[in-house]
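**Q** One structure, pasted below without further comment.
The values are calculated or read from the model by the stated rules, or taken from the named source; none is laboratory data. In this text the structure is predicted, and so the values were computed from the model without any measurement. Ideal geometry is used to build each Cβ from the backbone, glycine not excepted, and the neighbour counts take in all protein chains shown.
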């Protein structure tokens, strides 16, 4: 009798083990991860008016004026060879000049670049070799010059486009 | 059968996702921002003189006229810049009267920066045109002073302060 009870108990335990083994299951999911090329550039706003008010007697080159009140920020993950170009909406008249200088900690600044004649089809590089990452709050310096022979210039709005590109 | 069809769909979806990612890489390779800049050049006129005070001493007589020989100054340069239109440079003495004759001539006016007017005689403190037709230019000229006297004027000395002004015609 005792042997029968033990046998039944072992059978019952085996059943539990079998049931437990059958209850295991797995599932899989495929995750597709992608990071697109990201190009972001922004500025802190518009610079103040650039007004020429004085010159040196005997010199046709009037005293130029500068503005460094604005900054730009960029983020890009595309490559370490990205650049920033600059251009005007329309070229300046002869005798006036506008240069732009973008500071950079992620790339190489070209220094002061004369963009007087740079339009959308002839944008000029102002920062090159920009590494992947972010560069925030970098100074933008504009310098406006004029010749006396060009005459006066009433307040004129010009649009400068900064493009982050590869 | 259903499992196989499901796999095909899944692979197609994966292919689309990869293509979409690749397309984004191809087309999203630039970003732009604009700034508006206001440019302005005001009318400006500047003028300056190189050379110190001019001293004219009459020490000789002209044997033909028996009058004192005029004394001429060394070269003094007047330089100016104007981006205005049709300006002129005037000269004015601070003396309301003059015992001796003081004459000023603007010589060698740089090309395209104005035209010398006739010689200025400072007999009083009125304003005289020295150079006219100054427009959008930087120029220079030599200032030549001549001091003259007659025997009747006797001896003496006087000082003139000459003021040069760029002004509208």
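**Q** Please list, ordered by residue number, the strands (runs of 3 or more DSSP E) wholly in segment A:62-159 having 2 or more residues that are in contact with a helix residue (DSSP H, G or I) (Cβ under 9 Å, 6 or more places away or on another chain) and within 10 Å of another protein chain (Cβ to nearest Cβ).
**A** Values: elements: A:65-76, A:82-88, A:96-102, A:124-130, A:133-146.
Qualifying strands (runs of 3 or more DSSP E): A:82-88.
**Q** Consider segment A:42-55. How many of its residues are in a loop (DSSP other than H, G, I, E, B) and at the interface with chain B (Cβ under 7 Å from one of its Cβ atoms)? Write out each step before concluding.
**A** Taking segment A:42-55 as the starting set, the residues that turn out to be in a loop (DSSP other than H, G, I, E, B) are A:44-49, A:53-54.
With the extra rule that they be at the interface with chain B (Cβ under 7 Å from one of its Cβ atoms), the set shrinks to A:46-47, A:49, A:53-54.
Matching residues across segment A:42-55 total 5.
**Q** Take residues that are farther than 17 Å from residue A:60 by Cα, more than 24 Å from the chain's Cα centre (by Cα) and in contact (Cβ under 8 Å) with a residue 12 or more places away in the chain and tell me which of the strands (runs of 3 or more DSSP E) falling wholly in segment B:77-169 contain 3 or more.
**A** Per the criteria, B:101-107, B:137-148.
**Q** Now, a different point. Among the numbered criteria (1) at pLDDT below 95; (2) exposed (fewer than 10 other Cβ atoms within 10 Å of the Cβ), which one does residue A:7 miss?
**A** (2)
**Q** Moving to a separate point now. Scan segment B:17-67 residue by residue and report those that are at the interface with chain A (Cβ under 7 Å from one of its Cβ atoms), modelled with pLDDT under 95 and part of a strand (DSSP E or B).
**A** If the condition is that a residue be at the interface with chain A (Cβ under 7 Å from one of its Cβ atoms), modelled with pLDDT under 95 and part of a strand (DSSP E or B), then B:30 is the only one that fits.
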